[in-house]
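Notes follow the structure.
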Amino acid sequence: MNLRERLVRANLATAFLAVLIVAAPTVIAIAVGVAVLHGLRESVVTIAVLLGLVILLSLIALGAAAVLARRHADAVAHPMTQLADRAEDLGARRPKFEPLTTDIAEIDKVSRVLQRRASDLARQLANERDFASDASHQLRTPLTALLIRLEEISLSDDPELMREEAHICIDQVERLTRVIDDLLRRSRATPDDQVPAVSLDAVLASLQLEWLPAFQQARRSVKVSGQRDLHVLASPDHLAQIISTLLENSLKHGGGRVEVNARRSGPSVVVEVTDEGKGIDPAIAAHIFERQVTTGGTGLGLALARDLAQSNGGRLELLGIHPPQFALFLSEVPGAH
């Protein structure tokens, strides 16, 4: 039995009981009164007429109650059916939810709860899509560098060079493992997480060695310059990922020598990456850190790099387009100089 039928039966039962309670004493009272005032034969006729009238009025009352019961049942059952259909869509992970507004407080409350759940589900689905996109991009970059190293090993006959390249490959695999672990931790990270200190020299030297074969294969070079012995507040893996994204971006879209320059700027440390390429199209320069803005590839790299910079208390900016010049601003470790 559905909700509408239950409501109709409940209302009809209530109306019938009300009519019975009112009609029965009325009929008895009338019968007694007529019997007292008139003779027996006249009383029987009068009571029969009055009883018929009471029954007719009771049937009319029950009919009216049935009509009203169905209307009230429809007023409750229809929005409940709509709410059930929308809840079913929500269960099927279709988070678009249009809230119901009725005169029934309980239904409106359930609708608001489902609307909040739909908003949470929409954010969850968006986060899952972002996670998949982020993972595909952040894993592709170290895998590309690893593939280049393995190609170098396969073409070399020098055991010493092969051993050196193999060690670098092991380092890259370990870094890849840390990237995966970091992706899994990012959803649980809180703004209060402490940012570690890292030697910028060590990160830049490791990245220069890692990307050297790729740039040599493209007949280009990477030059690291600027101030030395700089220590910044950043996750070493995040810092490596940000600068790797800039190097990969230059390798794909830039030209000539890539220069990575590190220097102090007040309480901050600035890492500038530039090359001798044709530059960035002014039409996309203002939106270059937005997702889906790209000149090729996934369109996620620079957006992810900026997110990582912000998560480490820094920022990533585009300072120039001809030539292209990116600048990563990070906080220097207090008392480092």
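The values are calculated or read from the model by the stated rules, or taken from the named source; none is laboratory data. All values derive from a computational prediction rather than experimental measurement. Neighbour counts are summed over all protein chains in view; Cβ atoms, including those assigned to glycine, are modelled from backbone coordinates with ideal geometry. What goes into the accessible areas is simple: the full protein's heavy atoms, side chains included, and nothing from ligands, DNA or RNA. Shrake-Rupley method; radii C 1.70, N 1.55, O 1.52, S 1.80 Å.
Sticking with the crude label model, points 7 Å out along Cα→Cβ, report the distance from Glu151 to Ser331 in nm, one decimal please.
Modelled inter-label distance: 4.1 nm.
Are there GluC sites (Glu not before Pro) in the stretch 227-329 that DSSP puts in a loop and that have at most 13 other Cβ atoms within 10 Å, and which ones?
Glu290
So if each residue of separation counts as 0.36 nm, and I subtract the Cα-Cα distance between Thr101 and Leu319, what length gain in nm does that give?
Fully extending the segment from Thr101 to Leu319 adds 73.4 nm.
Non-local amide H neighbours of Val333 (under 5 Å, H modeled in plane, Pro and chain starts lacking H): which ones?
Correct list: His231, Val232, Leu233.
Given H placed 1.01 Å from N in the peptide plane, which residues other than close sequence neighbours of Ile288 have an amide H under 5 Å from its amide H?
Under 5 Å from the amide H of Ile288: no residue qualifies.
Give a residue-ordered list of calculated ³J(HN,Hα) values for the stretch 267-272 (Karplus: 6.51 cos²θ - 1.76 cosθ + 1.60, θ = phi - 60°; whole Hz; x for Gly, Pro).
x, 10, 10, 10, 10, 9
On the full set of protein chains, 1.4 Å probe, figure out the accessible area of Leu304 and give it in Å² to the nearest 10.
The accessible area comes out at roughly 10 Å².
What residues have an amide H closer than 5 Å to that of Thr102, excluding those fewer than 5 places away on the same chain, when H is modeled at 1.01 Å from N in the peptide plane?
Amide H to amide H, under 5 Å and 5 or more residues apart or across chains, Thr102 pairs with Asp108.
With each pseudo-label sitting 7 Å past Cα toward Cβ, what's the His167-Ala205 distance in nm, one decimal?
Each label point lies 7 Å from its Cα, and together they span 1.3 nm.
What nm distance separates the two modelled labels at Leu59 and Glu160, each placed 7 Å from Cα along Cα→Cβ?
11.5
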